[in-house]
Amino acid sequence: MGRTFRNLFVAGCVVLWLIPVYLLVVNALTPVAEYAGQPDWAPQGFALWDNLSTAWSQAGIGDSFLNSLAYAVVCGAAAVIVAAMAAFAVVVLPIPKPAFWFWLIYSGTLFPLQMFLAPLFGMYADGNLYDTRLGLMLVYAAWAVPFAFFLVRNQMTTMPPEITEAAMIDGASFRRIFWRIHVPLMGSSLGAAFIFQFTAVWNDLLFGITLSRSPDIQPVMAALTSLNNAYASSGPPVILAGALIVSLPTLVVFLTFRGLFLRGVTASAR
């Protein structure tokens, strides 16, 4: 009975998740001129390539797509490296009050982002970082560090301290221990942390619309919002085609590295 209920619950969740995806794909296929004003449950034509081309080139999704790709890859990788160094310092290095440093860094995930927007906007305006790629990269990297630190630190605490002690007896420095021993052993959790942060940066809208306004600077989610406003009169097929484009990278990353992701999450949850 328990197993049957569990299977029914999982199947219901899958159906609830697939219905919006199905409507997204079906209505992205519809030619703009034939859209009737209501969501279609069956394909009314095939104009997917025209809608994708309009969203990519004429609506400017392409430039913002490349911007978000750079933000997600660079900031995700930088955040994971910084988080790994911070986790190494808290777990391995003989620093005073490691619990205090853990909670200080991890607290970055506990507060709502909205409380930082007003002072952050003022600082960016005064520091000439508003509407710049460097400004967005700085805030994305800083935003991604706390949760990556939490994941990496959890796996690092499961590593036997005898590994570090043996390396120190052999004369290895802390820098060598970190790069030659801990980083290779934490490959799965580092990969999982990167996938989490890649997805978070890619899906960001709040910082994108607050700290940038130029189409050649904005991330893709902010551009999708502009696309929604610009093409509201012509119906949603072009907008849904744009949504289909921006959904692909995170899906491809997860499907490509799902094994690494699952191993990393499992190792961090022990």
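Details
- Meets criteria (among the aliphatic types (A, V, I, L, M), open to solvent by 50 Å² or more (accessible area, probe 1.4 Å) and within 19 Å of LEU205 (Cβ to Cβ)) for LEU66: yes
- Condition met for TRP41 (more than 28 Å from TRP202 (Cα to Cα) and either aromatic (Phe, Trp, Tyr) or assigned to a helix (DSSP H, G or I) (or both)): yes
- The single condition from (1) modelled with pLDDT under 90; (2) open to solvent by less than 60 Å² (accessible area, probe 1.4 Å); (3) of a type outside the set (Gly, Ala, Ser) that PHE88 fails is (1).
- Qualifying residue in the range 101-110 (condition: open to solvent by less than 60 Å² (accessible area, probe 1.4 Å), assigned to a loop (DSSP other than H, G, I, E, B) and touching a residue at least 24 places away in the same chain (Cβ under 8 Å)): no
- When THR54 is tested against (1) under 20 Å from THR225 (Cα atoms); (2) surrounded by fewer than 16 Cβ atoms within 10 Å (Cβ to Cβ); (3) β-branched (Val, Ile, Thr), only condition (2) is not met.
- Number of residues in the range 215-270 that are open to solvent by less than 50 Å² (accessible area, probe 1.4 Å), closer than 20 Å to LEU18 by Cβ and modelled with pLDDT under 80 equals 1.
- Of all the numbered requirements in (1) part of a helix (DSSP H, G or I); (2) open to solvent by 40 Å² or more (accessible area, probe 1.4 Å); (3) under 21 Å from HIS182 (Cα atoms), LEU138 misses one, and that requirement is (3).
The values are calculated or read from the model by the stated rules, or taken from the named source; none is laboratory data. None of the values given here were measured: they were computed from a predicted structure. Note: ideal-geometry Cβ built from the backbone for every residue, glycine included; neighbour counts use all protein chains shown. These accessible areas exclude ligands, DNA and RNA; they are computed on the full protein's heavy atoms, side chains included. Shrake-Rupley method; radii C 1.70, N 1.55, O 1.52, S 1.80 Å.
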